[in-house]
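Just so it is clear, none of the values below were taken in a lab; they were calculated from the coordinates. Keep in mind that what you see is a predicted model, and the values were worked out from it rather than measured. Counting neighbours? That spans all protein chains shown, and the Cβs are built from the backbone with ideal geometry, glycine included.
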Amino acid sequence: MKIYNYKKINVLFIVLAITFFKPVYSQDSLSLKEVFSITLKENLDIKIHTNQLKQAKKQANMGSAGLLPKIQLIGTSSFNRGESSIDFASDNFSGIEGANSESKNINGAIEFSYNLFKGFGAINTLKRLNQQNDFKSTQLQIQIEQALINSAKQYYDIAYYQQLYNLNLKVLKVSKERYNRIVVQNEFGNASSLDLLSAEVDLNNDSINLINTALELNNSKNILNKLLNREIETEFNVCGDVKINKQLNYQKLKQKTLLNNNNIILQQYMIGLAKTNKSIDKGKLMPIISLKGQYGYSNNQSNTSLILDQTNLGLTGYLNFSFDLFDGMRKRRSLQNLQIEIESNKLKLEAVEKEIIKDLKNTFNEYDKNLNLIRMENRNIVTAEKLFSKSRILFYQGQLSKNDFRLAQVDLKRAKNKLNESIYVTRLAELNLYRISGTIITP
């Protein structure tokens, strides 16, 4: 039974090593810079917002705003055949009763129309279209920032699980070595069955931890592949080395945030759009003056008319003036509502600024706290490694209990894992500080 358990555990370890350990070092490695580059080119959300920006740019032109004249080619043709009865008002002409009649009309013209004055509505409409273009551009920047942060999070999740996987693998090797020693000691009567069972439980737990970590690692890779718009099964590793900027200053970040944060800028555009809408509506209180001209041809033929055939070719012009003397105060109420909208957007801007600064402060506190944790955890690892090294020697000499040795092993793993976690959390906090201050693309 003891031999069967030993072989069973040994086979399990070999399978784990072949299945999980080997691929970690046989795949291509991605840097964060490469991940950002792929995200900017391939992320689907970024592509969608880019198309929306292209649409806004195509719409922002003088023609869409109504600043250019309208030229139309128009034409009509009609034919009528029937019976006509005509009773003239003058006695100089005798009436017609039930006469066969035919008439034909042909009209064609080139028409030109242009609003000479419409309360500056066209100019303000062009201004609004350009503002909407800037609005879409800022929305795209926000989407890019979010996509980069999401990609970075998954990148460092993968880096964390890679480190944890290698850490669990080392723990598993130590547990396997311990188990093999106790198997031999048990066969010679130097270790009890309880010691053997305890070692086997620890080995099994470490094997389970390795499998679970491998699963989390693969899941994180799948998520990043999706964000990068790649095949989900694409295999890769990430570079685990992290460089953290430890010199970030809160006050400088705050100044950059108030100037560059895209959520603040977006809300400022909302105020600008509301003001432009008010200007457009204010223009509706003014008169409208429009010009229309035609150069056309017309031909009218009728066998029952005093004029049998009439042809015209020439220019016709119109100058139109219109002004609403009273519209039930509809335009006035619309202006009042737009003024309220402007005030509301100003309040929203104040709220957004406070929310962004709160996020900045909280993120900076997390960044600063984890920088201190990294320094403490580095010192803790040195102590934990010394403790584990001494405990290992004493355990194999029979001078330390299995529980104390296991505790030293677990403490070392926990210390290294906490350090890795703090490093990646700090790096993500740093990137979020760049995002909030509007500098994530060029930190």
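General remarks:
- When only Cα pairs below 8 angstrom with a gap of at least 6 residues are kept, the range 261-365 shows a relative contact order of 35 percent.
- Taking 12 Å as the cut-off, the amide N atoms of the range 266-292 that come nearer than this to a point 7 Å along the Cα-to-beta-carbon line of Asn320 belong to 288-292.
- Net length gained if the chain between Glu231 and Glu350 were fully extended (0.36 nm per residue, minus Cα distance): 38.5 nm
- Kyte-Doolittle at least -0.5, axis length at least 20 Å by Cα - qualifying DSSP helices, the chain: 2-16, 193-227, 262-283
- When you restrict to C-alpha pairs under 8 Å that are six or more residues apart and normalise by the size of the range 365-443, the relative contact order lands at 42 percent.
- Here is how the number arises for the chain: DSSP H runs of 4 or more residues each give -39500 (n - 2.57), the sum is divided by the residue count, and the result at 222 nm is -23000 deg cm²/dmol.
- Qualifying lysines (Cα of each under 17 Å from Cα of Lys348; at least 8 residues distant if same chain): Lys275, Lys358
- Taking a ≥ b ≥ c as the square roots of the eigenvalues of the Cα gyration tensor, the range 292-396 is classed as prolate, since a/c reaches at least 1.5 and a/b is larger than b/c.
- FRET efficiency estimate (nearest 0.05) - Cβ-Cβ, Asn218 to Leu259, R0 35 angstrom: 0.25
- What the Cβ-Cβ distance of Glu111 and Met286 gives, at R0 = 30 Å and to the nearest 0.05, is a FRET efficiency of 0.75.
- Dipole of the chain computed with +1 at Lys/Arg Cβ and -1 at Asp/Glu Cβ about the Cα centre; of Leu400, Val171, Leu335, farthest Cα towards the positive end is Leu400.
- Cα gyration tensor category, rounded, prolate or oblate, for the range 102-154 with a/c compared to 1.5: oblate
- GNM flexibility winner over the chain from Leu73, Leu394, Leu224 (Cα, springs under 10 Å): Leu73
- Rounded to the nearest 0.05, the FRET efficiency derived from the C-beta distance between Gln397 and Arg375 at R0 = 41 Å is 0.75.
- Percent RCO, i.e. relative contact order, over the chain, from Cα pairs under 8 Å lying at least 6 residues apart: 21 percent
- Potential extension, Lys57-Asn299 segment - 0.36 nm per residue separation minus Cα distance: 82.6 nm
- Unsatisfied cross-links (Cα-Cα over 28 Å) in the set Lys243/Lys402; Lys57/Lys361; Lys136/Lys256: Lys243/Lys402; Lys57/Lys361
- Label-point separation in nm, Glu385 to Lys104, each point 7 Å along Cα→Cβ: 10.5 nm
- Taking the chain as a Gaussian network of alpha-carbon nodes connected by springs under 10 Å, the highest mean-square fluctuation of the residues Thr125, Thr316, Thr50 belongs to Thr316.
- Over all pairs of different C-alpha atoms in the chain, the reciprocal of the mean inverse distance, the Kirkwood hydrodynamic radius, equals 30.2 Å.
- Packing-based exposure ordering (other Cβ within 10 Å, fewest first) of Ile264, Ile110: Ile110, Ile264
- Alpha carbon centroid spacing (whole Å) that separates the range 218-270 from the range 312-350: 44 Å
- Nonlocal amide H pairs with Tyr297, under 5 Å, H built at 1.01 Å: Gly108, Ala109
- GNM result for the chain, Cα springs below 10 Å: residue of Ser151, Ser401, Ser175 fluctuating most strongly: Ser401
- Alpha-carbon centroid distance for the pair the range 62-82 / the range 375-443, whole angstrom: 78 Å
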